[in-house]
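Q: Please find one structure pasted underneath; my questions will follow.
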Amino acid sequence: MDVRLEPVTIDNWEEVIKIDLPPEQWQNVDPPSVLHALCEAQFWPGKSDAVVDGDAMVGYVHHGAIQGGDAWAVAILIIDKNHQRKGYGRAAMERVIEQARSAVSGGGSILISYRPSNVAAEQLYASLGFKPEGEHEGDVLARLRF
Ligand SMILES: CC(C)(COP(=O)(O)OP(=O)(O)OC[C@H]1O[C@@H](n2cnc3c(N)ncnc32)[C@H](O)[C@@H]1OP(=O)(O)O)[C@@H](O)C(=O)NCCC(=O)NCCS
């Protein structure tokens with residue numbers, strides 16, 4: 001496995017919007033499609049990356065600096081329904097954490113949020129060291145300090 005984060009560009013966006021979830025998992029995230037998420041992302045801080053393994057497009061993540069650069073946030077992480085439970089979500093988050101650590105000097109943190117019913121997200125983020133620290137609009141807020 002050679003998982004990389006690659007910017008969404010004019011050359012790959014049509015592949016990125018084919019990334020999909022089973023219907024029940026779309027209930028766990030706000031935008032109803034990756035196309036919708038990419039549109040909304042134009043108004044979010046941070047950047048949209050494809051999660052790529054070799055030549056395979058396996059997921060999408062929007063992440064980046066917030067709070068004037070003192071912290072990092074992951075707005076959405078999606079691993080395609082055909083590529084789940086293969087370690088891609090964890091590998092993508094490890095890449096995100098590496099980028100945040102090199103961008104936020106002197107120690108900082110990464111914030112994520114997920115629906116309380118989203119067991120996959122809860123377990124993935126907990127296994128990476130994220131600690132729940134509150135609630136925002138019904139979602140669990142969790143933070144990894146580094
Ligand atoms: C959450 C998500 C990103 C996980 O991606 P993934 O590539 O399947 O996860 P990984 O294979 O890297 O698994 C890492 C860990 O996550 C947890 N996990 C992943 N899927 C799980 C599931 N269906 N049920 C319970 N735990 C799960 C496990 O702890 C797993 O570790 P393990 O394999 O050692 O048991 C994926 O299920 C997804 O895209 N879900 C829909 C979108 C979403 O909810 N995103 C998160 C909120 S923005």
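The values are calculated or read from the model by the stated rules, or taken from the named source; none is laboratory data. Bear in mind the structure is a predicted one, so any value in this text is a computation, not a measurement. Note: ideal-geometry Cβ built from the backbone for every residue, glycine included; neighbour counts use all protein chains shown. SASA here: full protein model, heavy atoms, side chains in, ligands and nucleic acids out. Shrake-Rupley method; radii C 1.70, N 1.55, O 1.52, S 1.80 Å.
Q: Using a 1.4 angstrom probe with every protein chain in place, what is the largest-first accessible-area order of L21, L141?
A: Working: L21 15, L141 50 Å².
If we order L21, L141 from most to least accessible, we get L141, L21.
Q: Based on DSSP H runs of at least 4 residues, each adding -39500 (n - 2.57), what is the mean residue ellipticity at 222 nm of the chain after dividing by all its residues, to the nearest 500 deg cm²/dmol? Walk me through the intermediate numbers first.
A: Values: 5 runs with 41 residues, N = 146.
Per the formula, -7500 deg cm²/dmol.
Q: Take every Cα pair under 8 Å in the chain that's 6+ residues apart, average their separations, divide by the length, and report that relative contact order as a whole percent. Show your work: numbers first, answer last.
A: Details: 239 pairs, mean separation 29.5, N = 146.
Worked out over the chain, it gives 20 percent.
Q: What's the extension gain from D11 to W26 if we count 0.36 nm per residue and subtract their Cα-Cα distance? It would help to have the intermediate numbers written out before the result.
A: On the way: separation 15, 0.36 × 15 = 5.40 nm, distance 2.59 nm.
Answer, rounded to one decimal: 2.8 nm.
Q: Order the following by accessible area, largest value first: W26, W13. Probe radius 1.4 Å; ligands, DNA and RNA are ignored. Before the final figure, lay out each step's value.
A: On the way: W26 40, W13 95 Å².
The ranking, largest first, comes out as W13, W26.
Q: Would you mind working out the accessible area per residue for the range 52-142, using a 1.4 Å probe, and quoting it in Å²? List each step's numbers first, then the result.
A: On the way: 4500 Å² over 91 residues.
Result: 49 Å² per residue.
Q: Can you pull out the GluC sites (Glu not before Pro) in the range 50-146 whose DSSP state is coil and whose Cβ has at most 12 other Cβ atoms within 10 Å? If you can, show how the numbers build up before the last one.
A: Values: sites: E94, E98, E122, E133, E135, E137; in loops: E137.
Passing sites in the range 50-146 are E137.
Q: A follow-up question, please. Between D139 and D55, how many nm apart are label points set 7 Å from Cα along the C-beta direction?
A: The two pseudo-label positions are separated by 3.5 nm.
Q: Heavy atoms only, probe 1.4 angstrom, no DNA, RNA or ligands counted: give me H62, H83 ranked by accessible area, highest first.
A: On the way: H62 5, H83 45 Å².
Most to least solvent-accessible, the answer reads H83, H62.
Q: Taking only the alpha-carbon atoms of the chain, what semi-axes of the equivalent ellipsoid follow from 5 times the gyration tensor eigenvalues under a square root, in whole Å, largest first?
A: 22, 18, 15
Q: To continue, here is another question. When all protein chains stay in place, what accessible area (Å², nearest 10, 1.4 Å probe) is found for D70?
A: Here the residue's solvent-accessible area equals roughly 110 Å².
Q: Still on this structure, please answer the following. Count charges around V104 for me, please; just the other residues with Cβ under 14 Å from its Cβ, Lys/Arg as +1, Asp/Glu as -1. If you can, show how the numbers build up before the last one.
A: Numbers: positive: R101, R143, R145; negative: D70, E98.
Its environment carries a net charge of +1.
Q: Round to a whole number: what % of the accessible area of the range 1-112 belongs to carbon and sulfur, probe 1.4 Å? Intermediate results must be reported in sequence, preceding the final value.
A: Values: 2880 of 5840 Å².
Of all accessible area on the range 1-112, carbon and sulfur atoms account for 49 percent.
Q: What distance in nm separates the two pseudo spin-label positions at R101 and Q42, each 7 Å out from Cα along the beta-carbon direction?
A: Between R101 and Q42, the label points sit 3.6 nm apart.
Q: With θ set to phi - 60°, apply the Karplus curve 6.51 cos²θ - 1.76 cosθ + 1.60 along the range 88-97 and write out the HN-Hα couplings as whole Hz, x wherever there is a Gly or Pro.
A: Whole-Hz 3J(HN,Hα) from phi for the range 88-97: 6, x, 5, 5, 4, 5, 5, 5, 4, 5.
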